[in-house]
Amino acid sequence: MNIHEYQAKGVLREFGLPVSRGVAIFKPEEAAAAADELGGPVWVVKSQIHAGGRGKGTFKGAPAGAKGGVRVTKSKDEVVQFASEMLGGTLVTVQTGEAGKQVNRLYIEEGAAIAAEFYLSMLVDRATGQVAFVVSTEGGMDIEQVAHDTPEKIVTFSVDPATGIMPHHGRAVAKALGLSGAQAKEAGELTEKLYRAFTAKDMSMLEINPLVLTGDGHLKCLDAKISFDSNALYRHPDIVALRDETEEDAKEIEASKYDLAYIALDGTIGCMVNGAGLAMATLDIIKLYGEEPANFLDVGGGASEEKVTAAFKIITADPQVKGILVNIFGGIMKCDVIARGVIAAVKAVGLEVPLVVRLEGTNVEEGKEIIRSSGLNVIPADDLDDAAQKIVAAVKGA
């Protein structure tokens, strides 16, 4: 689960981390009061969307060269003007794609005198099972570009969970950033607090870009992006309360209610598969035969008929879907359960596009018989290759 920058800074503030003062607003008429509360003399007006590259982004319909989704001003009148221009607009960045994202929230923040910009992030290193730090002197830039052009400017290290954060980790951060004396001590304190926040809140990613050295020689988290481990959210109702469903695909929200692994894609063939590896193989073979998948959907190994029915309804609710491929290898999952779920869903929502079903494994004959006797116009397939060719042919024929 992702949250907005202003929410992320609120979480960091709980752990004593240095962040700028700011006010979140939802209506243009709230901008003047927010500017008065902060007092100036410099304000930063930031679009709040779940995507990076906001500063370099452009609003749809804005003239060429117009300011992006993060704007700095020394004028209270411009704060109000920017709020009116940005709220309700569609911001397009390198991460949103051409569709962009509608800006429904702004964060008006006090300005900061910046002497240097750094990059710092934390994430779970799945290879080691440890929390990894990624640190660079190249803050404020695309870290992917830094990694490509000057990888020697990126320092990484992991923290052993058996020991937790230690003083030498803070010293490693300070050294990577070229800090010494009081600033190195401050870097050590910041490192410890970041690790404590990361582990206490079950984060999966924490990015500070930029982490800045201010004009008076102190470190400050000028931006913050946080993702949380969805499997641990039951432990954090305060974090769940921060969820902004307007930033998520409606189909993905519905899927989460049934604990389905669903990701919307841009293609025309809806997929219902069990097992992440089989799902990825299904997406690949659809592309191999010349079409694009409309979604990744893994119903899991122990899905109930209710879950399968919900999954099918989510697929058919996508207007882009021109055909559906059900590809089930029954191990723990039973083919007859899948078959009954598909039948129930079709009876509930109808079937207006071609449907190819490939079943194999536990109770496969029972599953095939259920579908055969249903009276549905279903195209049977013997294996994955056969299924992919048939659904692609059916979609192209339609």
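Please treat every number below as a calculation from the coordinates, not as lab data. None of these values were measured; they are calculated from a predicted model. Heads up, the Cβs are rebuilt from the backbone with ideal geometry, glycines too, and the neighbour counts pull from every protein chain shown.
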task = Apply the Debye scattering formula to segment 1-130, with a single equal point scatterer on each alpha-carbon and no solvent, then give log10 I(q)/I(0) at q = 0.09, 0.16 Å⁻¹.
result = -0.29, -0.85
Simple spin-label estimate for GLU29 and ALA147 in nanometres, 7 Å along Cα-Cβ = 4.6 nm
query = How do MET333, MET272, MET122, MET166 line up, fewest other C-beta atoms within 10 Å first?
reply = MET166, MET333, MET122, MET272
message = Take the residue pairs LYS9/LYS46; LYS251/LYS334; LYS307/LYS390; LYS101/LYS225; LYS27/LYS257 and return only those whose Cα atoms are more than 21 Å apart.
response = LYS251/LYS334; LYS307/LYS390; LYS27/LYS257
inquiry  = Please report the antiparallel percentage of the DSSP beta bridges confined to segment 239-398, to the nearest 5.
reply    = 20 percent
request  = Using the Cα centre as the reference, give the magnitude of the dipole from point charges on the C-beta atoms of the chain (Lys, Arg: +1; Asp, Glu: -1; all else neutral), rounded to the nearest 20 debye.
outcome  = 480 debye
message = Whole angstrom only: what separates the Cα centroid of segment 361-387 from the Cα centroid of segment 5-47?
response = 57 Å
ask   = What value, in deg cm²/dmol to 500, does the helix sum -39500 (n - 2.57) over DSSP H runs of n ≥ 4 give at 222 nm once divided by the residues of the chain?
value = -11000 deg cm²/dmol
task = Could you work out the longest stretch of the chain that avoids the trypsin sites (Lys or Arg not before Pro) located in DSSP loops with at most 11 other Cβ atoms within 10 Å?
result = 127-398
query = All other residues with a Cβ under 9 Å from the Cβ of GLU366 taken together, and with Lys, Arg as +1 and Asp, Glu as -1, what is their net charge?
reply = -1
query = What is the extension gain from GLN81 to LEU233, computed as 0.36 nm multiplied by their sequence separation minus the C-alpha to C-alpha distance, in nm to one decimal?
reply = 50.9 nm
ask   = Can you pull the three principal axis extents for the Cα set of the chain, in Å, largest first?
value = 77, 51, 40
Per-residue HN-Hα couplings for segment 269-275 [Karplus 6.51, -1.76, 1.60; θ = phi - 60°; Hz; x = Gly/Pro] = 10, x, 10, 10, 9, 10, x
remark   = Per the Kirkwood formula over distinct C-alpha pairs, the hydrodynamic radius of segment 249-397 in angstrom is 14.6 Å
inquiry  = With the alpha-carbon atoms as the only input, what is the per residue convex hull volume for segment 114-239 in Å³?
reply    = 112 Å³
note = Taking alpha-carbon centroids only, segment 66-144 lies from segment 192-207 a number of Å equal to 19 Å
inquiry  = Relative contact order for the chain: what percent, with Cα pairs under 8 Å and sequence separation of 6 or more?
reply    = 12 percent
message = Please compute the volume of the convex hull spanned by the alpha-carbon atoms of segment 330-398 and report it per residue in Å³.
response = 77 Å³
ask   = How far, in nm, would the chain grow between ASP383 and ASP266 when pulled straight, counting 0.36 nm per residue and subtracting the alpha carbon separation?
value = 39.6 nm
Percent antiparallel among DSSP beta bridges (both partners in the chain, rounded to 5) = 75 percent
query = So what are the ³J(HN,Hα) numbers for segment 310-318, from phi and the Karplus equation (6.51, -1.76, 1.60; θ = phi - 60°), rounded to whole Hz, Gly and Pro as x?
reply = 4, 4, 5, 5, 5, 4, 6, 6, 7
ask   = Can you give the extra length, in nm with one decimal, that the chain gains between ASP244 and GLN320 once fully stretched, where that is 0.36 nm per residue apart less the Cα-Cα distance?
value = 24.9 nm
message = Output wanted: per-residue J couplings in Hz (rounded whole) for segment 105-111, from phi through Karplus 6.51 cos²θ - 1.76 cosθ + 1.60, θ = phi - 60°, x for Gly and Pro.
response = 9, 10, 10, 9, 10, 5, x
